[in-house]
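Take a look at the structure below.
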Amino acid sequence: MGNPKLGEQKKGNLSFMRVYKFKMAKQLTLLGYSYEDGALVLELITFGAHENFNRDVKTLF
(Lines give C-alpha, C1' and ligand atoms only; values in the text may rest on other atoms or scores of the structure.)
Protein backbone atom coordinates (compact mmCIF):
# COMPACT_ATOMS: atom_id res chain seq x y z
CA MET A 1 0.00 0.00 0.00
CA GLY A 2 2.95 2.31 0.61
CA ASN A 3 3.99 2.24 -3.06
CA PRO A 4 1.08 0.94 -5.18
CA LYS A 5 2.77 1.81 -8.47
CA LEU A 6 5.73 -0.46 -7.74
CA GLY A 7 4.73 -3.05 -10.37
CA GLU A 8 4.81 -2.66 -14.14
CA GLN A 9 1.66 -1.52 -15.95
CA LYS A 10 0.57 -4.19 -18.46
CA LYS A 11 -0.32 -3.26 -22.04
CA GLY A 12 -3.17 -4.13 -24.39
CA ASN A 13 -6.03 -6.25 -23.03
CA LEU A 14 -4.41 -6.39 -19.60
CA SER A 15 -3.79 -2.64 -19.22
CA PHE A 16 -6.08 -2.53 -16.17
CA MET A 17 -3.48 -4.51 -14.22
CA ARG A 18 -0.03 -3.96 -12.72
CA VAL A 19 2.43 -6.82 -12.15
CA TYR A 20 5.08 -7.01 -9.46
CA LYS A 21 7.82 -9.63 -9.99
CA PHE A 22 9.82 -11.21 -7.16
CA LYS A 23 11.61 -14.43 -6.24
CA MET A 24 9.92 -16.92 -3.91
CA ALA A 25 11.54 -20.29 -3.17
CA LYS A 26 14.08 -19.60 -5.97
CA GLN A 27 11.28 -19.23 -8.54
CA LEU A 28 10.19 -16.05 -10.29
CA THR A 29 6.70 -15.23 -9.04
CA LEU A 30 4.29 -12.58 -10.31
CA LEU A 31 1.63 -10.74 -8.38
CA GLY A 32 -1.08 -9.16 -10.54
CA TYR A 33 -3.08 -6.32 -9.00
CA SER A 34 -5.04 -3.18 -9.77
CA TYR A 35 -4.84 0.14 -7.95
CA GLU A 36 -7.56 2.75 -7.72
CA ASP A 37 -5.86 6.14 -7.71
CA GLY A 38 -7.04 8.51 -5.00
CA ALA A 39 -8.41 5.77 -2.74
CA LEU A 40 -6.96 3.10 -0.47
CA VAL A 41 -8.09 0.24 -2.71
CA LEU A 42 -5.62 -2.43 -3.74
CA GLU A 43 -7.17 -5.47 -5.43
CA LEU A 44 -5.24 -8.72 -5.83
CA ILE A 45 -6.11 -10.22 -9.22
CA THR A 46 -3.77 -13.18 -9.45
CA PHE A 47 -0.60 -14.63 -8.01
CA GLY A 48 1.59 -17.34 -9.47
CA ALA A 49 4.64 -18.56 -11.32
CA HIS A 50 5.96 -16.67 -14.33
CA GLU A 51 5.22 -19.54 -16.72
CA ASN A 52 1.92 -18.95 -18.59
CA PHE A 53 1.01 -16.01 -16.33
CA ASN A 54 -0.41 -13.81 -19.11
CA ARG A 55 -2.32 -16.69 -20.69
CA ASP A 56 -3.87 -17.64 -17.35
CA VAL A 57 -4.88 -14.03 -16.58
CA LYS A 58 -6.56 -13.66 -19.98
CA THR A 59 -8.76 -16.70 -19.23
CA LEU A 60 -10.02 -14.95 -16.07
CA PHE A 61 -11.30 -11.94 -18.00
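The values are calculated or read from the model by the stated rules, or taken from the named source; none is laboratory data. In this text, all values refer to a predicted model and were calculated from it rather than measured experimentally. The area values use the complete protein model at the heavy-atom level, side chains included, leaving out ligands, DNA and RNA. Shrake-Rupley method; radii C 1.70, N 1.55, O 1.52, S 1.80 Å.
Couplings for the range 25-30, taken from phi via the Karplus curve 6.51 cos²θ - 1.76 cosθ + 1.60 with θ = phi - 60°, read 6, 6, 10, 5, 10, 10 Hz in order; Gly and Pro are left as x. Take the chain with all the other protein chains still there, run a 1.4 Å probe, and you get 76 Å² of accessible area per residue.
Check which residues have an amide H placed less than 5 Å from Thr29's amide H, if you skip close sequence neighbours. Counting only residues 5 or more places away or on other chains, the set is Phe22, Lys23, Met24.
Answer rounded, prolate or oblate for the chain, using the Cα gyration tensor with square roots of eigenvalues a ≥ b ≥ c: rounded when a/c is under 1.5, else prolate when a/b is larger than b/c, else oblate.
Oblate, because a/c is 1.5 or more while a/b does not exceed b/c.
Ligands, DNA and RNA left out, the accessible area of the chain computed with a 1.4 Å probe is 52% carbon and sulfur.
Phi angles across the range 46-57 convert, under the Karplus curve 6.51 cos²θ - 1.76 cosθ + 1.60 with θ = phi - 60°, into 3J(HN,Hα) values of 7, 8, x, 5, 4, 4, 6, 4, 4, 4, 5, 5 Hz, Gly and Pro given as x.
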